[in-house]
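Step one of this worksheet: look at the structure below.
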Amino acid sequence: MKFHITKKEIQALLDWYQKEKRDLPWRHTTDPYRIWISEIMLQQTRVEKVKKYYERFILELPTIEDLAKVKEDHLLKLWEGLGYYSRARNLKKCALEIVQKNLKTFPETKEELMKLPGIGLYTAGAILSIAYHKCIPAIDGNVLRILSRIEEDPRDLLNEKVKNEYLIHLEKLMEPSYARDFTEAFIELGALVCLPNGTPVCQKCPFQQICQSFQNQTMLKYPHKKVKNARRKEEKTIYVLEYNEKYCIQKRKKSGLLSGLYELPNVDSFMTKEMLNTFLQTKKEQIEKIQELGKFHHVFSHIEWEMTVYLVHLKSPNHHKFYSKKEIETTYSLPTAFQKIFIKLK
Ligand code: SF4
């Protein structure tokens, strides 16, 4: 395939980046640890949201040794609301491996980096180019979107062969003196100009002259999208157990969705108030009253939860553990699906 981007266009991209780049906290460091944390947080999460999570995380766990030592509950609390919690667990696994192998910091080759838990081709490229100024491109969906539009490339961008072709070409365009800005500039262009949803802002793009889809006004046709499977819908009944102004939370099982995190008690089906009353009586709960709190909805990547929620006031604690609102807010990681119910409790 003949590529249209040459070093001349890369220079135009770098000039554009110097003028337009956003001031983001992780752009003030060359510490591979901090760059790694920001990159993992930015996967699947918007920049604005990541900013405050990143700053709090770095304040509490400023080094890789601190991360290796952190208790899982505390780590998940720092991650609460970011979703995809396996990312947080992999961070800790990776930090532990680096500390246990006495590596001190991240290795400086792609092969060694990719042996660490949770580090794939993109993250390895980001760490190597941003922290170590190595000519290894970081290619994610944003970069591939830009490239597919420039080349009017109809191929499946998830195909390893296609990705590899772009990787090899971009590598040839990189120089150590601007490897960091090269990666950051592509990220910035994907976020501010060559947008994923809606019309790209081509009049501001440094690649306009060579962009094939701009010339032919076919920007919105690229990248070619596969039809996604519809999300599975699940009905749930959530019953918030309250005793003495404290609430019951419990740990989810160690596998499946939101594994090992805390949850409000629930069942995997719809229940009316009467059905719930009967169900709780079979569990020997001493019910004072049941209040209906309404319907809540939560969307995960592949599943949607339709939740019918009740607040159950108990006369006795039975065998449950209860926590104050403050304890739950400060200590335990309640995923967003439950958090949105919890914050509605008066
Ligand atoms: S000219 Fe438009 S479509 Fe082409 S890379 Fe730039 S923003 Fe994207």
- Task: May I ask you to list the residues in the range 182-233 that are touching a Ser or Thr at 6+ places or on another chain (Cβ under 9 Å) and among the charged types (D, E, K, R)?
- Result: 184, 221, 231
- Query: Could you list, in sequence order, the residues of the range 277-314 that are free of Cβ contacts under 8 Å to residues at least 60 places away in the same chain and either of a type in the set (A, V, I, L, M) or closer than 11 Å to residue 242 by Cβ (or both)?
  - Reply: 280, 287, 288, 289, 290, 291, 293
- Taking the condition of a type in the set (A, V, I, L, M, F, W, C) and touching a residue at least 24 places away in the same chain (Cβ under 8 Å), does residue 124 pass? no
- Item | Total residues in the range 263-281, condition assigned to a loop (DSSP other than H, G, I, E, B) and polar (S, T, N, Q) | 2
- Task: Residues that are under 24 Å from the mean Cα position of the chain (by Cα) and near the ligand (Cβ under 10 Å from one of its atoms): find the helices (runs of 4 or more DSSP H) completely inside the range 122-230 holding 3 or more of those.
- Result: 141-151, 179-192
- Item | Which listed residue is at pLDDT below 95 and part of a helix (DSSP H, G or I), from 82, 76, 59 | 76
- Across the range 84-97, the tally of residues that are surrounded by fewer than 20 Cβ atoms within 10 Å (Cβ to Cβ), touching a helix residue (DSSP H, G or I) at 6+ places or on another chain (Cβ under 7 Å) and of a type outside the set (Phe, Trp, Tyr) stands at 2
- Looking only at the range 201-236, which residues are touching a Phe, Trp or Tyr at 6+ places or on another chain (Cβ under 6 Å) and closer than 28 Å to residue 306 by Cβ? 234, 235, 236
- Item | Test result for residue 240, within 30 Å of residue 291 (Cβ to Cβ) and among the hydrophobic types (A, V, I, L, M, F, W, C) | yes
- Task: Look at the range 169-213 and say how many of its residues are within 14 Å of residue 148 (Cα to Cα), surrounded by fewer than 20 Cβ atoms within 10 Å (Cβ to Cβ) and among the aliphatic types (A, V, I, L, M).
- Result: 2
- Across (1) without any contact (Cβ under 8 Å) to a residue 60 or more places away in the chain; (2) more than 30 Å from residue 2 (Cβ to Cβ); (3) in a loop (DSSP other than H, G, I, E, B), residue 260 clears everything bar (1)
- Go through the residues of the range 236-259 one by one and say whether even a single one is surrounded by 12 or more Cβ atoms within 10 Å (Cβ to Cβ), of a type in the set (A, V, I, L, M, F, W, C) and at positive phi. yes
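The values are calculated or read from the model by the stated rules, or taken from the named source; none is laboratory data. Note that this is a predicted model, so its numbers are computed, not measured. Positions of Cβ are backbone-derived with ideal geometry, glycine not excepted, and every protein chain shown enters the neighbour counts.
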